Amino acid sequence: MRKKIYDACSFLQKWIDNITTGIGAVLIAVMFFVIIANVVLRAIPAVGGFRWYMEFSQYCNVWAMLIAAAGIAVQGTNLRVEAVDSIAAKIPGGKKIAKVIVDVALILFYIMLFRSGKLYAAKAMVIKISTMPKFKMGQVYQIFPVASVLCIIGAVVHMLVTLTEPKDDGSAMEKIEKEYEEEGVKTA
């Protein structure tokens, strides 16, 4: 049963990471395209470019980074304190305990971000974006509750993977080197 949960969560972990990476890449590509198109259009005297390109690009960038945070949460690749990791490695099961503590802290943080982001987005629904008058800032800020839910799901999935993984067989670098050896790639 534990193996089935681990396999299902590992699959979900990879799927969420791929989807969030894809969405983030598309948003960055759209941002890049809008900036390049604006540069080209400014060179045409009759057109002059987009008035809204800068704000749009900033919002795309923020949305992409917040969605990418879900991929970071699901993989557990958020920032770590090396001293805590080295101490945890000396305790039997310490790495697993440290990962679970980090995931619980992330879940609590994203619950607070969801609540405050929802309130902030609701209050900002009356503020118009100066260069895009049909849009309101509240629509832009909706990313906070959306990204928070994605990150909570990601942290829960990572915690389930951590709790159900068969056994910790070394550091991440050792795992990568082992995968390379299995594929026939030489490491230094």
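Taking the Cβ of each residue in Asp103, Asp7, Asp17 as the centre, tally the other Cβ atoms inside 10 Å and list the residues starting with the fewest.
With the sparsest Cβ surroundings first, the list reads Asp7, Asp17, Asp103.
Rounded to the nearest 500 deg cm²/dmol, what is the calculated helix-only ellipticity per residue at 222 nm for the chain, with -39500 (n - 2.57) per DSSP H run of length n ≥ 4?
-26000 deg cm²/dmol
Using modelled amide H (1.01 Å from N, peptide plane; none on Pro or chain starts), what sits under 5 Å from the amide H of Ile127, excluding residues fewer than 5 places away?
Residues meeting the criterion, in which the H sits 1.01 Å from N, are Met137, Gly138.
Please find the FRET efficiency linking Thr131 to Ala105, where r is the Cβ-Cβ separation and R0 is fixed at 41 Å, and quote it to the nearest 0.05. Before the final figure, lay out the partial values.
On the way: r = 38 Å, r/R0 = 0.93.
After rounding to 0.05, the efficiency reads 0.60.
Could you derive backbone 3J(HN,Hα) for the stretch 114-124 from the dihedral phi with the Karplus parameters 6.51, -1.76 and 1.60 (θ = phi - 60°), listing whole Hz in sequence and x where the residue is Gly or Pro?
Coupling constants for the stretch 114-124: 4, 4, 5, x, 5, 5, 5, 5, 5, 5, 7 Hz.
Order of Lys4, Lys136 from fewest to most other C-beta atoms within 10 Å?
Lys4, Lys136
Taking the Cα centre of the stretch 1-112 as the origin and placing charges on Cβ (Lys, Arg +1; Asp, Glu -1), which of Asn18, Ala88, Asn61 is farthest toward the positive end of the dipole?
Value computed over the given set: Ala88.
With each pseudo-label sitting 7 Å past Cα toward Cβ, what's the Val30-Arg80 distance in nm, one decimal?
Inter-label distance under the simple model: 3.4 nm.
Can you compute the label reach from Asn61? Point 7 Å from Cα along the Cβ direction, backbone N cut-off under 14 Å, restricted to the stretch 17-42.
Those under the cut-off are 28-36.
What dipole magnitude, in Debye to the nearest 20, does the chain give about its Cα centre under +1 on Lys/Arg Cβ and -1 on Asp/Glu Cβ? Please list the in-between numbers first.
Details: 21 positive and 15 negative charges, 196 e Å.
So the dipole magnitude of the chain works out to roughly 940 debye.
No value in this document is a laboratory result; all are computed from the given coordinates. Quantities reported herein were computed from a predicted structural model and do not represent experimental measurements. Note: ideal-geometry Cβ built from the backbone for every residue, glycine included; neighbour counts use all protein chains shown.
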